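Inspection log for the structure reproduced underneath, given as structure tokens.
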Amino acid sequence: RAKDQGRNTYQFYTEGMQDREVSRLELDKDISQALAKDEFVLYYQPQLDLRDSSIKSVEALIRWQHPRRGLVQPMDFIPLAEESGRITDIGHWVVMAACKQLAAWRDTPFAHLRIAVNLSGRELDDEHIVDHIQSSLEANGVPPDRLEVELTEEVFIQNIEHNMNQLTRLHHLGVHLAIDDFGVGYSSLGYLRNFPVDLLKIDRSFITDVMERHDDAVITRAVINLAHNLGIEVVAEGVETAEQLRFLKNHRCDLIQGYFISRPVPADELEKALRSGKLEYEVPVGS
Ligand code: C2E
Ligand code: MG
Ligand code: MG
Ligand code: MG
């Protein structure tokens, strides 16, 4: 059976329409068991601040330590969890786990770090998510500005009244808001006027060929300027080379994230890398 073949099983299942319902039901059951058995884990990918070569924030990315399948990547269970609605429980777990990590970093050399968590539109539909975020922060004694929430563009386009209300509540709490994967979702920019956004993340697809493709370079520079003129900080996602880093630094991008700095890693590995100082990459200016 496909089920016994190891990783990417869910994705494999979903390829055949016939197996789709089976896959969905099994996954749903597996996820609720995984939550009960504490099989999820957050990996952290640091963001380098190009202005002072320091790490001030990390993005939390979920992984599933499956007893038989090994480390399952989010793309192999998040989309189906969104369909089934189980994503709500996952999201609650993610927020609580991030707050616990922030509490664990108190009185350590990592106390200044901010953690960004990803919330899908489906998770924002949940009436209780803002209360859950607030109570997770309070239960762990974490100041709200240590937490950032990453939302993709559809959140700003669909279900606007509800989402605006949710995001305004988060903003008033003091939680930072970021737009994830900017530039690939919708062409409407009007929402940038209305929503209280702190950070814009340029989608990786613009960065990958930014040194080779004139159009990607033009778009990247325009997005950096757009963000700055609106008083929003900007992160480039998917930076994999020193040349891309220099380009982004020269064009005043505030932060970068990508394999060139670090892959997403477990908390203890992140701490080790931060202690060694090797993530604080000094950027040669103008070269
Ligand atoms: P995302 O939020 O846009 O996260 C960035 C993804 O790009 C991550 O994949 C990260 O590992 C990958 N990445 C980072 N730097 C590089 C690079 O230099 N090159 C390349 N090729 N890739 C890079 P990951 O961890 O597999 O996550 C995929 C997506 O799954 C995320 O995209 C996010 O949409 C979703 N996701 C992850 N964790 C969660 C979560 O806790 N909740 C929800 N709702 N979604 C999550
Ligand atoms: Mg993200
Ligand atoms: Mg992204
Ligand atoms: Mg994404």
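Name the pairs whose Cβ atoms lie under 8 Å apart, with the first residue in segment 66-92 and aromatic (Phe, Trp, Tyr), the second within 13 Å of ligand 1 (Cβ to nearest atom) and in a helix (DSSP H, G or I), and 6 or more positions between them or separate chains?
Phe77/Ile31
For segment 44-79, give me the residue count where each residue is among the aliphatic types (A, V, I, L, M), part of a strand (DSSP E or B) and buried (at least 21 other Cβ atoms within 10 Å of the Cβ).
The initial filter retains those residues of segment 44-79 that are among the aliphatic types (A, V, I, L, M), namely 48, 50, 55, 58, 60-62, 71-72, 75, 78.
After this cut, where a residue has to be part of a strand (DSSP E or B) as well, the list is 48, 55, 58, 60-62, 71-72.
Applying the additional criterion that residues be buried (at least 21 other Cβ atoms within 10 Å of the Cβ) yields 48, 55, 58, 60, 62, 72.
Count: 6.
Here is a yes/no grid of residues against (1) outside any helix (DSSP H, G or I); (2) on the phi < 0 side of the Ramachandran plot; (3) surrounded by fewer than 18 Cβ atoms within 10 Å (Cβ to Cβ); (4) not hydroxyl-bearing (Ser, Thr, Tyr):
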| position | (1), (2), (3), (4) |
| --- | --- |
| Val94 | no, yes, no, yes |
| Lys100 | no, yes, yes, yes |
| His112 | yes, yes, yes, yes |
| Glu123 | no, yes, no, yes |
| Val142 | yes, yes, no, yes |
| Val149 | yes, yes, no, yes |
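Any chance segment 10-20 includes a residue that's within 20 Å of Ile87 (Cα to Cα), in a helix (DSSP H, G or I) and modelled with pLDDT of 55 or more?
yes
Quick check: is even one residue across segment 83-97 within 15 Å of the chain's Cα centre (by Cα) and farther than 22 Å from Pro264 by Cβ?
Within segment 83-97, none of the residues are within 15 Å of the chain's Cα centre (by Cα) and farther than 22 Å from Pro264 by Cβ.
Please verify whether Arg169 is of a type in the set (D, E, K, R), farther than 30 Å from Asn250 by Cβ, surrounded by 17 or more Cβ atoms within 10 Å (Cβ to Cβ) and without any contact (Cβ under 8 Å) to a residue 60 or more places away in the chain, treating the condition exactly as stated.
On the way: of a type in the set (D, E, K, R): yes; farther than 30 Å from Asn250 by Cβ: yes; surrounded by 17 or more Cβ atoms within 10 Å (Cβ to Cβ): no; without any contact (Cβ under 8 Å) to a residue 60 or more places away in the chain: yes.
So Arg169 does not fit the description; no.
Taking segment 222-241, which residues are more than 11 Å from Ile202 (Cβ to Cβ) and either of a type outside the set (A, V, I, L, M) or modelled with pLDDT under 95 (or both)? Can you show your working first?
Of segment 222-241, the ones more than 11 Å from Ile202 (Cβ to Cβ) are 225, 228-233, 240-241.
Across segment 222-241, the qualifying residues are Asn225, His228, Asn229, Leu230, Gly231, Glu233, Glu240, Thr241.
All but one of (1) modelled with pLDDT of 95 or more; (2) within 16 Å of ligand 2 (Cβ to nearest atom); (3) closer than 30 Å to Ala222 by Cβ; (4) not small (Gly, Ala, Ser) hold for Asp145; which doesn't?
Unmet condition: (2).
Of the residues Asp107, Asp89, which single one is away from ligand 4 (no atom under 16 Å from the Cβ), surrounded by fewer than 21 Cβ atoms within 10 Å (Cβ to Cβ), under 30 Å from Gln33 (Cβ atoms) and not hydroxyl-bearing (Ser, Thr, Tyr)? Working first, answer last.
Numbers: Asp107 fails: under 30 Å from Gln33 (Cβ atoms).
Of Asp107, Asp89, the one residue that is away from ligand 4 (no atom under 16 Å from the Cβ), surrounded by fewer than 21 Cβ atoms within 10 Å (Cβ to Cβ), under 30 Å from Gln33 (Cβ atoms) and not hydroxyl-bearing (Ser, Thr, Tyr) is Asp89.
Out of the residues in segment 175-190 that are in a loop (DSSP other than H, G, I, E, B) and under 18 Å from the mean Cα position of the chain (by Cα), which is farthest from ligand 4 (Cβ to nearest atom)? Talk me through it step by step, then tell me what you get.
Taking segment 175-190 as the starting set, the residues that turn out to be in a loop (DSSP other than H, G, I, E, B) are 175, 183-190.
Those left that are additionally under 18 Å from the mean Cα position of the chain (by Cα): 175, 183-185.
Values: Val175: 20, Gly183: 12, Val184: 9, Gly185: 10 Å.
Looking at the filtered set, the residue picked out is Val175.
How many residues are in contact with a helix residue (DSSP H, G or I) (Cβ under 9 Å, 6 or more places away or on another chain) and of a type in the set (D, E, K, R) if we restrict to segment 185-202?
Qualifying residue count for the region: 1.
For residues in segment 204-242 being surrounded by 14 or more Cβ atoms within 10 Å (Cβ to Cβ) and of a type in the set (Asp, Glu), which is nearest to ligand 3 (Cβ to nearest atom)?
Within segment 204-242, the match that is nearest to ligand 3 (Cβ to nearest atom) is Glu237.
Considering only segment 183-208, state which residues are modelled with pLDDT under 95 and touching a Ser or Thr at 6+ places or on another chain (Cβ under 9 Å).
Within segment 183-208, Gly183, Val184, Gly185, Phe195, Pro196 qualify.
Say we look at segment 160-187 and pick out the residues that are among the polar types (S, T, N, Q) and within 16 Å of ligand 1 (Cβ to nearest atom); which of these is nearest to Ala97 (Cα to Cα)? Steps first, please.
First pass over segment 160-187, keeping only residues among the polar types (S, T, N, Q): 163, 165-166, 168, 187.
If we keep only those that are within 16 Å of ligand 1 (Cβ to nearest atom) too, we end up with 163, 166.
Values: Asn163: 24, Gln166: 21 Å.
By that ranking, first place goes to Gln166.
Considering only segment 138-146, I want to know if a residue exists there that is under 19 Å from Gln257 (Cβ atoms), among the charged types (D, E, K, R), more than 16 Å from ligand 3 (Cβ to nearest atom) and in contact (Cβ under 8 Å) with a residue 12 or more places away in the chain.
First pass over segment 138-146, keeping only residues under 19 Å from Gln257 (Cβ atoms): 146.
Now restrict to residues that are among the charged types (D, E, K, R): 146.
Adding the requirement that they be more than 16 Å from ligand 3 (Cβ to nearest atom) leaves 146.
Among the residues that remain, those that are also in contact (Cβ under 8 Å) with a residue 12 or more places away in the chain are: 146.
Yes, segment 138-146 has at least one match.
Of Val239, Val197, Val265, Val223, which residue is farther than 30 Å from Phe40 by Cβ and among the hydrophobic types (A, V, I, L, M, F, W, C)? Outline the logic, then answer.
On the way: Val239 fails: farther than 30 Å from Phe40 by Cβ; Val197 fails: farther than 30 Å from Phe40 by Cβ; Val265 fails: farther than 30 Å from Phe40 by Cβ.
None of the others qualify; the one that does is Val223.
On the basis of being more than 16 Å from ligand 2 (Cβ to nearest atom), among the aliphatic types (A, V, I, L, M) and touching a strand residue (DSSP E or B) at 6+ places or on another chain (Cβ under 7 Å), does Ala267 make the cut? Steps first, answer last, please.
On the way: more than 16 Å from ligand 2 (Cβ to nearest atom): yes; among the aliphatic types (A, V, I, L, M): yes; touching a strand residue (DSSP E or B) at 6+ places or on another chain (Cβ under 7 Å): yes.
Yes.
The values are calculated or read from the model by the stated rules, or taken from the named source; none is laboratory data. Note that this is a predicted model, so its numbers are computed, not measured. Here the Cβ is made from the backbone with ideal geometry for all residues, glycine too, and neighbour counts use every protein chain on show.
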